[in-house]
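The values are calculated or read from the model by the stated rules, or taken from the named source; none is laboratory data. All of these numbers come straight from a predicted model, not from anything done at the bench. FYI the Cβ positions are ideal-geometry reconstructions off the backbone, even for glycines, and counts take in every protein chain you see. Side chains included, ligands, DNA and RNA excluded: accessible areas come from the protein's heavy atoms. Shrake-Rupley method; radii C 1.70, N 1.55, O 1.52, S 1.80 Å.
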There are 2 protein chains.
Amino acid sequence: MATQSVLTPQGEDFPRWYQDVVAKAEMADNGPVRGTMVIRPYGYAIWERMQAAIDARIKEAGAQNAYFPLFIPQSYLSREAEHVEGFSPELAIVTHAGGEELSEPIVVRPTSETVIGEFMAKWIQSYRDLPLLLNQWANVVRWELRPRLFLRSSEFLWQEGHTAHATYEDAAKYALKIHTDVYNDFLEQVLAVPTYVGIKPPSERFAGAINSMTCEGMMRDGKALQMATSHELGQNFAKAFDIFFQNEAGQAALCHTTSWGASTRLVGGLIMAHGDDNGLVVPPRLAPIQVIVIAVRDESEVNDACARIAASLKGVGVRAQVDANRGSFGRRLTDWEIKGVPLRIEVGPRDLSSGQVTMVRRDSGEKSLVVLDAVGETVLVVLESIQATLFEAARDRRDENTHDVANVDEALEAAQNGFARIAWREVEGPGEQRLKSEAITVRCLMRADGSMPVDDAEEDLVCIVAKSY
Amino acid sequence: MATQSVLTPQGEDFPRWYQDVVAKAEMADNGPVRGTMVIRPYGYAIWERMQAAIDARIKEAGAQNAYFPLFIPQSYLSREAEHVEGFSPELAIVTHAGGEELSEPIVVRPTSETVIGEFMAKWIQSYRDLPLLLNQWANVVRWELRPRLFLRSSEFLWQEGHTAHATYEDAAKYALKIHTDVYNDFLEQVLAVPTYVGIKPPSERFAGAINSMTCEGMMRDGKALQMATSHELGQNFAKAFDIFFQNEAGQAALCHTTSWGASTRLVGGLIMAHGDDNGLVVPPRLAPIQVIVIAVRDESEVNDACARIAASLKGVGVRAQVDANRGSFGRRLTDWEIKGVPLRIEVGPRDLSSGQVTMVRRDSGEKSLVVLDAVGETVLVVLESIQATLFEAARDRRDENTHDVANVDEALEAAQNGFARIAWREVEGPGEQRLKSEAITVRCLMRADGSMPVDDAEEDLVCIVAKSY
């Protein structure tokens, strides 16, 4: 295969394959400060499209974007005991600014519950101000000892939603709505990644939450990646930050808050959920470049045809681009494969003379001749077919590699190459500890029919057990 | 007037008027750490629309978005002597992270020339890789001793473009293109702010630049605000970061670089360029809400009509919203005036029975009755009329308050309430010092016909002299 010399095969060394793809697809580089990352234009274009798709869904769910400061007084974090305990080891601290030592050290935000809690308390007066539905797109910093580009970086980009509600029920309902209508819908419809949607076991909850929901995707090596999480924070942060409201009876009452986030980790998830030995495979609805049009020979007639084809594709709403590079044809094909562009159209003088071009699908490698007049129409159909095929293939892989097991021993074995599904009562307590000692964790709890439980106290829950990123 | 109790009049105390508008229009709040800012949903919605308009122009100019780290090794800044000298007093420094003291302190980026320079050096091999045209949307930190929301905040949001070119001419041409086709076009077409477009005098150049271009807008108190800047960096950063390329002759050559930025200061500029005693005035092309539809009475027939009108306006691409609040009608009118929504449609039972609604322009306060069937069509025309009127009014104010003067004494006097335009040779040297001692600066140098000079060595340049933000 053309690309075997370029990328380490997945089966040989999956982590190295990942590194190779990130580098050769020009997705990202390591930054100069430990664990930081430079997101290169192609990687950033993918992130921008993720942002747009998630942002539209967040707005549809009624939340408004805002922006809160990067710098948080250290004292804020200490106000919620579990929260500060969870984040303390990962904090970056500013001690000097404006040429002087600061009287109180400043934390670079690892997340913004605390500072947003402070302002919710200020802005919320009465039940009429509720629900308060906020979201921000921002960078956050959590110091990483074992950084990996996109998956674990000391600085990452994300959106974090923060909401305040009058009742527990309204908070829980909204967090579930975000989890379902924003995250899971985006993951299925755009990223083409089917996930197990459930709640975290108590040991894996967000620091300060009373309930954490997660979408757990299966990567091509059988490990799990947490793609997005939504948290019910109960009244923990409301107590810590005095987020009161006057209820309809005129009494002061504490709010119930939620938070929910998805980050540039999703780019790592995209790479590992769909990628193959030839590189990245980007689902068409996400792809910044859906169709790359390449001249087989550098002849003016061929180049003109390429430009016309790309223009007509753009005319029907397809994100098409002409490869204007004049380097080796084979090398360019390899490069576009590594970048995972869903469809390639090769334009050669011979095909052209018979009014045709060659179309190559990235997912299957399938080639077909398409009559020039039918290119637009065909491309639209094939892009949707690729989108559906990627989702189905990912779902089949997930289902085939999820093994129903009866006890922790079997779970340990099954989790070596995939997910184990097991009754939660078999795992809770000592079983969870045993799994952890082998770097295997409970990814989520679900009902037996796969639906979302209200909390971990429900009977007969099952759990997904796996190695993870 | 209804709002006199709400806002301090501009004529009484302009800085307080500004603070009042920022607070009452719910644009922003002070953050808990000195000089930081919380951008509230309405302020952020305006910034998002600025971002979208600028981003589209940047992409049209061929630059690609990327993302570079927040954290920069302190040593990087020292490599370009003028740069480190310019920024040192404003830096925030991280000394501890992950529970340990760092071996090398980390700077929170005040701007990204240095870290981007490092990666340009890595990515650029030959002339085929040039020009390299990058942009990033990010937060930056410059410690402020006298912070003011949007205008001077210790953390602000911006875009910073960074490009590398094979020749001085290509770099200069691209910086000019950005300045003209991105910034000035955005300012005129969207923000409706006419500016003086010129170059900075040597004393006001960006730290490390060989030439800085600026767009200087006039605020309603006659002071200047620098709305956007574009810098030719020559080979200064290329030398400091070894940004070499192999030219067509196969020899190693140094690149020429540029950088250019616009920030959340623009929100402050919007407020001060168009605002009046009743609050903010947002140009229609920028406005997140272009039309607010208000029921004069809370009756189901009226409410239904409001919903229908808003829906039909959305149908023709207008950003319309129904005011669903049921509080005091007068108070709501005042609130929407303060927020500067360009058009208000009042729907009352009496008008409705004769098939009409009342339309009120925010810019002139002019009221008119519009037949229901003609609302969509009329609104589209009136929004464009408001856009044009705001630009013309701002241009007239700028022209009326720009005084041609012959010497520094006259410039000092004219700059008390507006701009002075004066021959640069009258000011250069001791004159500039004298102006500075009165907190007046040379905002930009232009040719006598108002066009952009190549550099400050051109003969017969004029300059704009003013107080500024």
- Residue list for region A:114-127, filter: more than 9 Å from chain B (Cβ to nearest Cβ), in a helix (DSSP H, G or I) and surrounded by fewer than 21 Cβ atoms within 10 Å (Cβ to Cβ): A:Ala121, A:Tyr127
- Which numbered condition B:Asp276 fails, given (1) touching a Leu at 6+ places or on another chain (Cβ under 8 Å); (2) within 14 Å of B:Ile338 (Cα to Cα): (1)
- Mind checking which residues of region B:407-428 are open to solvent by 60 Å² or more (accessible area, probe 1.4 Å) and part of a loop (DSSP other than H, G, I, E, B)? B:Gln416, B:Asn417, B:Glu428
- Could you check B:Asp449 against (1) free of Cβ contacts under 8 Å to residues at least 60 places away in the same chain; (2) in a helix (DSSP H, G or I); (3) acidic (Asp, Glu) and say which number it fails? (2)
- Only one of these conditions is not met by A:Gly317: (1) in a loop (DSSP other than H, G, I, E, B); (2) more than 33 Å from the chain's Cα centre (by Cα). Which number is it? (2)
- Message: Tell me whether region B:11-20 contains one or more residues that are of a type in the set (Ser, Thr, Tyr) and within 8 Å of chain A (Cβ to nearest Cβ).
- Response: no
- Message: Criterion first (of a type outside the set (Gly, Ala, Ser), in a strand (DSSP E or B), within 10 Å of another protein chain (Cβ to nearest Cβ) and open to solvent by 40 Å² or more (accessible area, probe 1.4 Å)) does B:Glu104 satisfy it?
- Response: yes
- Only unsatisfied item for A:Tyr174, checking (1) open to solvent by 40 Å² or more (accessible area, probe 1.4 Å); (2) in contact (Cβ under 8 Å) with a residue 12 or more places away in the chain, is (1)
- Query: Any chance region B:435-447 includes a residue that's open to solvent by 60 Å² or more (accessible area, probe 1.4 Å), at pLDDT 95 or above, not charged (D, E, K, R) and not assigned by TED's automatic domain parsing to the domain that holds B:Arg146?
  - Reply: yes
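Yes or no, residue by residue, for (1) more than 29 Å from A:Val282 (Cα to Cα); (2) more than 14 Å from every other protein chain (Cβ to nearest Cβ):
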{"residue": "A:Leu134", "(1), (2)": "yes, no"}
{"residue": "A:Asn139", "(1), (2)": "no, no"}
{"residue": "A:Trp143", "(1), (2)": "yes, no"}
{"residue": "A:Leu157", "(1), (2)": "no, no"}
{"residue": "A:Thr167", "(1), (2)": "yes, yes"}
{"residue": "A:Lys177", "(1), (2)": "no, yes"}
{"residue": "A:Glu188", "(1), (2)": "no, yes"}
{"residue": "A:Tyr196", "(1), (2)": "no, yes"}
- Message: Being in contact with a strand residue (DSSP E or B) (Cβ under 7 Å, 6 or more places away or on another chain) and more than 7 Å from chain A (Cβ to nearest Cβ) is true for just one of B:Ala53, B:Ala25, B:Ala61, B:Ala66. Which residue is that?
- Response: B:Ala25
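I'm checking my understanding of the structure. Among residues of region B:39-58 that are without any contact (Cβ under 8 Å) to a residue 60 or more places away in the chain and of a type outside the set (Phe, Trp, Tyr), which one is nearest to B:Lys177 (Cα to Cα)?
Step one: list which residues in region B:39-58 are without any contact (Cβ under 8 Å) to a residue 60 or more places away in the chain, which gives B:40-41, B:44, B:52, B:56.
So of that shortlist, the ones also of a type outside the set (Phe, Trp, Tyr) come out as B:40-41, B:52, B:56.
Working: B:Arg40: 33, B:Pro41: 33, B:Ala52: 19, B:Ala56: 14 Å.
Taking the candidates together, the pick is B:Ala56.
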- Pairs returned, first residue in region A:318-345 that is assigned by TED's automatic domain parsing to the domain that holds A:Glu366, second residue that is surrounded by fewer than 17 Cβ atoms within 10 Å (Cβ to Cβ) and assigned to a loop (DSSP other than H, G, I, E, B), beta-carbon separation under 7 angstrom, 6 or more apart or interchain, are A:Arg326/A:Asp298; A:Gly330/A:Ala2; A:Arg332/A:Asn325; A:Thr334/A:Ala2
- Message: Take the conditions outside any loop (DSSP other than H, G, I, E, B) and free of Cβ contacts under 8 Å to residues at least 40 places away in the same chain and apply them to A:Glu169. Does it pass?
- Response: yes
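Pick from region B:85-101 the residues that are in contact with a helix residue (DSSP H, G or I) (Cβ under 9 Å, 6 or more places away or on another chain) and touching a residue at least 12 places away in the same chain (Cβ under 8 Å): which of them is nearest to the other protein chains (Cβ to nearest Cβ)? Before you say what the answer is, go through the steps one by one.
In the first step, residues of region B:85-101 are kept if they are in contact with a helix residue (DSSP H, G or I) (Cβ under 9 Å, 6 or more places away or on another chain); the result is B:87-88, B:91, B:93, B:97-99.
Now drop any that are not touching a residue at least 12 places away in the same chain (Cβ under 8 Å), which leaves B:87, B:91, B:93.
Details: B:Phe87: 11, B:Leu91: 7, B:Ile93: 4 Å.
Going through the qualifying residues, I end up with B:Ile93.
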- Taking B:Glu155 as the residue in question, decide whether it is touching a Gly at 6+ places or on another chain (Cβ under 9 Å), among the acidic types (Asp, Glu) and under 20 Å from B:Phe237 (Cα atoms). no
- Go through region A:365-403 residue by residue and tally those that are of a type in the set (S, T, N, Q), outside any helix (DSSP H, G or I) and over 24 Å from the mean Cα position of the chain (by Cα). 1
- Item | Scan of region A:329-364 for residues that are part of a loop (DSSP other than H, G, I, E, B) and touching a helix residue (DSSP H, G or I) at 6+ places or on another chain (Cβ under 9 Å), ordered by number | A:Lys339, A:Gly340, A:Pro342, A:Gly348, A:Gly355, A:Arg362, A:Asp363, A:Ser364
